[in-house]
Amino acid sequence: MSAPDRTLAEPFEGSGELRTLRDQVREFLDEEVIPAEPELAAGGPTARATLTALQDKAKANGLWALPHPRELGGHGLRLAEYLCISEIEGRSAYGPVALGSDSLLDALMLQRYGGAEVRERFLEPLVQGRLTPCFGMTEPGRSGSDPSLMITRARPDGGGWVIDGHKWFCRAKDADFITVMCRTEPLGVPHAKAFTMFLVPLPSEGFSVVRPLTVLGAEDGHCEVAFDGVRATARQMIGGRGEGFPVSGERLSLGRTLRAMRWLGQAQRAFDLMCNRLHQREAFGGLLATKQLLQQHVFDSYTDIRSARSQVLRAAAMLDAGQDVYIEVATAKVLASNALYQVLDRAVQIHGAEGLSDSTPLAEMFRWARATRIYDGADELHTHMVAKRILKRYEQGGGYDFSAV
């Protein structure tokens, strides 16, 4: 097979060192991670052993924790630099965890907003892959698109706090700690100041896993969990009292941007499979690659990836510059999730019955692609909020400048 067209994987020229690093990550994904996907997907002790071996190889090859700050033991890549790496990591759902970048959101959150005790106990082992985090925000029976509806509470008690409530779709199965969003202020306090986040080590008395959750029939570590009188101290707060929304908002902006780029890595892998399939299969007197309708699938997939990718890079540049990013990040999330879904749908269609089976990775990829349109806020929420903010500018006599860099 000929080498892939690098224009699909290069957001900018970058330094020679960055290009070399990007090629090393791609080689590691193609030669180490992707071949191990069946073992990793099977779960159990064999999967854990395989993952540990991959992580050890990544560390030995200088590919571990590339986006983490140097002071935390990482490579120190800036967001704009790391995006071209995250795109390649995302070609496999196991890429980020194999390369130690999946903990970036939690590590930055603890570094910026955790107290001295939390940072000393959790931060370094988290970056080194010795601890597994999870994040508890969404609640069963409540609209995850409206976090103000959360009812998990933390109440003051004897100089500390007691947490009661339920969370779900958090990866608590093998987690060593959970960061949980709780209401700490009475009704009537503005939502932006009514919630606080606590880091709860696991296991903790009063914490339990209610049940594992499946995503379209498959388990991937998501659980429903319960807090029944879980005790915490003020030193376990992430940010100050009432600062849960601002801290989680910063986390979500970065998380949506990173995941959007990883989703595009998945889309590019599906694009590769689709285009190769068109050159390998004959029907009705010629290669599928010669059929005009199927060429339309190639064109549509190419433009979906390109347009979404440009928007993700714009959002990342604005994040790096410290600008107001909601419109750009939310738009990037919607475009990337839809690009992934549409490209995979076309790739499955072109593979026919084989695309529905486990003979290719497409079926499993398609399952996760459907979930992306709900994760990190449903697409409908972001569509509504982006349009609302843009229209408000016009209502106030302003406008939207598409020529602005």
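Each value in this text was obtained by applying a stated rule to the coordinates, not by laboratory testing. Computed from a prediction, not measured in an experiment: that's the story for all the values here. As a convention, Cβ positions derive from the backbone with ideal geometry for all residues, glycine included, and neighbour counts pool all protein chains shown.
Annotations for the structure displayed:
- Cα-Cα separations in the stretch 6-109 greater than 22 Å, expressed as whole percent: 28 percent
- Rg and Dmax of the chain, based on Cα coordinates, read 21.9, 80 Å.
- Beta bridges per DSSP, both residues in the chain: antiparallel share near 85 percent.
- The charge dipole of the chain, taken about the Cα centre with unit charges on the Cβ atoms of Lys, Arg (+1) and Asp, Glu (-1), comes to about 760 debye, rounded to the nearest 20.
- One decimal place: the segment residue 295-residue 189 gains 32.5 nm when fully extended, by the rule 0.36 nm per residue minus the C-alpha distance.
- Those chymotrypsin sites (Phe, Trp or Tyr not before Pro) in the stretch 308-405 that DSSP places in a loop and that have at most 13 other beta carbons within 10 Å: 400, 402
- For the stretch 133-238, the square roots a ≥ b ≥ c of the C-alpha gyration tensor eigenvalues yield an a/c of 1.5 or more together with a/b not exceeding b/c, which makes the shape oblate.
- Links that overshoot a 27 Å alpha carbon limit, given the list 193/392; 57/167; 57/333; 291/333; 333/392: 57/167; 57/333; 291/333
- Residue of 337, 357, 301 that the Gaussian network model of the chain assigns the largest fluctuation, springs spanning Cα pairs under 10 Å: 357
- Aspartates and glutamates with Cα under 17 Å of residue 388, excluding same-chain neighbours fewer than 8 positions away: 146, 324, 328, 379, 380, 401
- When the Cα atoms of the stretch 275-405 are aligned to their principal axes, the ranges along those axes come out at 61, 28, 27 Å in descending order.
- The amide H of residue 243, built 1.01 Å from its N in the peptide plane, has 197 as neighbours under 5 Å, considering only residues 5 or more places off or on other chains.
- Result for the chain in a Gaussian network model with C-alpha springs under 10 Å: among 229, 165, 217, the largest mean-square fluctuation is at 217.
- In degrees, nearest ten, helix 79-89 long axis to first principal axis of the chain (Cα): 60 degrees
- Extension gain, residue 235 back to residue 208 (0.36 nm per residue minus Cα-Cα distance, nm): 7.5 nm
- By the count of neighbouring beta-carbon atoms within 10 Å, fewest first, 382, 75 end up ordered 75, 382.
- Listed residues 365, 261, 385, most fluctuating in the chain (Gaussian network, C-alpha, under 10 Å): 385
- Residue order for 151, 305, fewest other beta carbons within 10 angstrom first, comes to 151, 305.
- Förster radius 45 Å - calculated FRET efficiency between residue 116 and residue 306, Cβ distance, rounded to 0.05: 0.45
- Projecting the Cα atoms of 311, 73, 149 onto the dipole axis of the chain, where Lys and Arg carry +1 and Asp and Glu carry -1 at the beta carbon, places 149 farthest toward the positive end.
- Each label was represented as a point 7 Å from its Cα along the Cα-to-Cβ direction; for residue 48 and residue 371 these points are 2.0 nm apart.
- Calculated FRET value between residue 78 and residue 279, using beta carbons and R₀ = 35 Å, to 0.05: 0.40
- With a Förster radius of 41 Å applied to the C-beta separation of residue 130 and residue 401, the computed FRET efficiency comes to 0.30.
- Percent antiparallel among DSSP beta bridges (both partners in the stretch 133-238, rounded to 5): 85 percent
- Burial ordering of 179, 383, fewest other beta-carbon atoms within 10 Å first: 383, 179
- Length gained when the stretch residue 71-residue 59 is fully extended (0.36 nm per residue, less Cα-Cα span): 2.7 nm
- Under the convention that each Lys and Arg Cβ holds +1 and each Asp and Glu Cβ holds -1, the size of the dipole of the stretch 334-398 around its Cα centre is about 420 debye.
- Pairwise centroid distance, computed over Cα atoms, of the stretch 81-117 with the stretch 127-197, Å: 21 Å
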